[in-house]
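Visitor: My questions all concern the structure below.
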Amino acid sequence: MQHSEPHKAGSSRFRLFSPILAGATLRERLIACLGALIGIGLTGVISGYLFGQGPHLPLIVAPMGASAVLLFAVPASPLAQPWSIIGGNTISAMMGIIAAYLIHDPIIAIGVGVSLAIGAMSFTRCLHPPGGAAALTAVLGGPVVAGWGFLFPFVPVALNSCILVGLGLVFHKLSRRNYPHIVAKPAENTHQTRDLPPPLRVGFREEDVDAALGVLDETFDIDRADLSRLLRQVELQAAIRSHGDISCADIMSRDVIAIDEHAGPEHARQLLLKHNIRTLPVKDREGRLIGTVGLRELSGDLDTIAHAVSKPAVADAADPALSLLPVLTDGRTHAVIVVDADRRVLGLISQTDLLSAMARLLPKKDIPAPVVA
């Protein structure tokens, strides 16, 4: 999905980098440049080492340059995933070879080749724009391509694609980027009933997204699940912007009941029941938060609570209170621990605390004054 960044009113300052892709930054583009340099360079080196260099075999086919743009510049795109690159280039090259073999007029063959490539990639779920170039290369490749015939889609096209994807996997892992792009799982009902999870019961639904896409009648370069996730995040950010003046420090409970990590499970159970709470922060000897426990974690046969500690949900005191909505409505987390930079406990925000704060934000209807006779 593409858009131009809005021009700020009254600002005439020249911007060196103005991306057309949503979420793009200069840092990301510089990483993409480095990735393409390494990926294309090493793909050529490895291919040359495996099969030698000479006129009998092109070292690297031209569509790999376009594949590298997608792989390193927009790694979250469905068009840049491993199967899209490997399958799209290989299948498209095969379609080009078939078109050239059956149709002797090159003008007709190039059109048929690209057309077949789009159809084949669509049915095999590996749509990849450089695949069109791979089909053209197969049709117009000349004696070298003709000499390899039906092996050309595999050597060098599939070989180049596999090497490039392998290098991309390593590069993205080292640069801490999510590749292959794994779409976050939708919220699940942790109570194992047929009801929708709480975050999905209000606001837009999946059929609303489908209806909107149908009305727009366009294809967007974003995964269907990513689109829904983006829209829900937009809803959350709009709510935070509208009520961002309420921070975690404003609504947190400050007299926090906590327990030492070496305490016994029975003592932890007593604290949970006595204070009618569901989450008990666990501290180390220096008073730093190491996790939380609840009655579920304490149900087993334990000597100490150290082995029952769960990873805590934490927040900063200055964070907007409404930013905790996704965490406290996931069906698993009952409280968020507010900590400082040293992970010392400053407060605790329960689902009740957040619900009470949100109730105060609801618009109040005007109550008519009683009529005095």
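Visitor: Does Ile277 qualify as being in a loop (DSSP other than H, G, I, E, B), at negative phi and either open to solvent by 70 Å² or more (accessible area, probe 1.4 Å) or in contact (Cβ under 8 Å) with a residue 60 or more places away in the chain (or both)?
Guide: The answer is yes for Ile277.
Visitor: Quick test for you: out of Ile91, Ile97, Ile86, Ile107, pick the one residue that is over 32 Å from the mean Cα position of the chain (by Cα), buried (at least 18 other Cβ atoms within 10 Å of the Cβ), in a helix (DSSP H, G or I) and not hydroxyl-bearing (Ser, Thr, Tyr).
Guide: Numbers: Ile91 fails: over 32 Å from the mean Cα position of the chain (by Cα); Ile86 fails: over 32 Å from the mean Cα position of the chain (by Cα); Ile107 fails: buried (at least 18 other Cβ atoms within 10 Å of the Cβ).
After applying the criteria, what remains is Ile97.
Visitor: State the number of residues belonging to segment 213-222 that are out of contact with any helix residue (DSSP H, G or I) (no Cβ under 9 Å at 6 or more places or on another chain) and part of a helix (DSSP H, G or I).
Guide: Number of matching residues: 3.
Visitor: Sticking with this one: Quick one: which of Leu79, Leu102, Leu116, Leu70 is touching a residue at least 60 places away in the same chain (Cβ under 8 Å) and farther than 16 Å from Ala36 by Cα?
Guide: Details: Leu102 fails: touching a residue at least 60 places away in the same chain (Cβ under 8 Å); Leu116 fails: touching a residue at least 60 places away in the same chain (Cβ under 8 Å); Leu70 fails: farther than 16 Å from Ala36 by Cα.
Residue meeting the stated conditions: Leu79.
Visitor: Here are some residues: Ile20, Ile40. Which one is modelled with pLDDT under 90 and either open to solvent by 50 Å² or more (accessible area, probe 1.4 Å) or under 21 Å from Asp223 (Cβ atoms) (or both)? Break it down stepwise before answering.
Guide: Numbers: Ile40 fails: modelled with pLDDT under 90.
Answer to the selection: Ile20.
Visitor: Another question, then. Across segment 331-373, which residue is nearest to Met252 (Cα to Cα) among those that are at pLDDT below 90 and open to solvent by less than 40 Å² (accessible area, probe 1.4 Å)?
Guide: Ranking the candidates gives Ala357 first.
Visitor: For His262, only one of the following conditions fails: (1) outside any helix (DSSP H, G or I); (2) at negative phi; (3) out of contact with any Ser or Thr (no Cβ under 6 Å at 6 or more places or on another chain); (4) not charged (D, E, K, R). What is its number?
Guide: (3)
Visitor: To continue, here is another question. What about Ile290, is it within 15 Å of Leu354 (Cβ to Cβ) and either in contact with a strand residue (DSSP E or B) (Cβ under 9 Å, 6 or more places away or on another chain) or outside any loop (DSSP other than H, G, I, E, B) (or both)?
Guide: no
The values are calculated or read from the model by the stated rules, or taken from the named source; none is laboratory data. What you are looking at is a predicted structure, and each value in this text was computed from that prediction instead of being measured. For neighbour counting, all protein chains shown are included, and Cβ atoms are generated from backbone atoms with ideal geometry for every residue, glycine included. Heavy atoms of the whole protein, side chains included, go into the accessibility calculation; ligands, DNA and RNA do not. Shrake-Rupley method; radii C 1.70, N 1.55, O 1.52, S 1.80 Å.
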